[in-house]
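K.L.:
Starting off with a structure, shown below.
The values are calculated or read from the model by the stated rules, or taken from the named source; none is laboratory data. None of these values were measured; they are calculated from a predicted model. For neighbour counting, all protein chains shown are included, and Cβ atoms are generated from backbone atoms with ideal geometry for every residue, glycine included. The accessibility values were calculated without ligands, DNA or RNA, using every heavy atom of the protein model including side chains. Shrake-Rupley method; radii C 1.70, N 1.55, O 1.52, S 1.80 Å.
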Amino acid sequence: MDDTILNDLIEYLKGLHHVPASEIPSLSLYMDQVTAFMERHLSSIKRHSEDKILTKTMINNYTKNKLLPPPEKKRYSENHILVLLFIYYYKGILSLSDIETILRPIEDKYFDAGGPLSLEEIYERVFSLADSEMSTLLSDIRRKYERAKAVFPEEEERLSPKEKEELRLFAFLGELGFDVYLKRQLMERIVDRIREEHIP
């Protein structure tokens, strides 16, 4: 495989960062301001330029399905934005029902002031784990890439160079996919345990 693929992926990953809580306005925002904030801060990770990070319909659905507490006088607080960010990061992996299960205990205890920690502090601590995980992830991507190349070596005479490239890329995608699949299985298992523990 051409190493430019690996280098491009590594540069892309290095450019990914969560939205720091310090950049979330402390003043409450109207829905249009919320969608504009999310678009401005997350547009670099959109797959396609025409994709929407967050729409009014999504916000209304999240509120209707109890993923997001209702706004106060049509305004969304800093904590609303934090919850929306958690939803955004989880929604590509888990169902909305699973996300609701994860967020419900957090929102119940920490959404309104008065808990032992602020929701902002929880957000920053959780995403500090993602920051420290990045170097491990980069090493893992390199390792998977090299293993995928080795599955269809240069010595393979039955394949043309183009076929080897295609199959190496397919093997690399398979490795990444298997990793995601297993981690999703673990996440769903944890969600099921949380759900069981909170059923009255």
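K.L.:
Which residue, chosen from ASN65, LEU42, THR55, occupies the Cα position most advanced towards the positive end of the dipole of segment 1-78, where the dipole is computed from +1 (Lys, Arg) and -1 (Asp, Glu) charges on Cβ about the Cα centre?
P.N.:
Checked the options; the winner is ASN65.
K.L.:
Points 7 angstrom from Cα along the Cβ direction at GLU166 and SER43: gap in nanometres?
P.N.:
Inter-label distance under the simple model: 3.8 nm.
K.L.:
Within segment 172-192, list the residues whose amide N lies under 12 Å from a label point set 7 Å along Cα→Cβ of VAL151.
P.N.:
Residues passing the 12 Å test: 172-179.
K.L.:
Mind sorting out which of (1) 1.10; (2) 0.95; (3) 1.05 is the real Rg/Rh (Cα atoms, Kirkwood Rh) computed from the coordinates?
P.N.:
Correct label is (3).
K.L.:
List the GluC sites (Glu not before Pro) in segment 55-157 that DSSP assigns to loop (not H, G, I, E or B) and whose Cβ has at most 14 other Cβ atoms within 10 Å. Which are they?
P.N.:
GLU154, GLU155, GLU156, GLU157
K.L.:
Find, among the trypsin sites (Lys or Arg not before Pro) in segment 1-99, those assigned to loop by DSSP (not H, G, I, E, B) with at most 16 other beta-carbon atoms within 10 angstrom.
P.N.:
Counting only loop positions with at most 16 other Cβ atoms within 10 Å, the trypsin sites (Lys or Arg not before Pro) in segment 1-99 are LYS46, ARG47, LYS52, LYS66, LYS73, LYS74.
K.L.:
Working with all protein chains in place, sort TYR62, TYR90 by solvent-accessible area computed with a 1.4 Å probe, largest first.
P.N.:
Most to least solvent-accessible, the answer reads TYR90, TYR62.
K.L.:
Among THR57, THR101, THR35, determine the one that fluctuates most according to a GNM of the chain built with springs between C-alpha atoms less than 10 Å apart.
P.N.:
THR57
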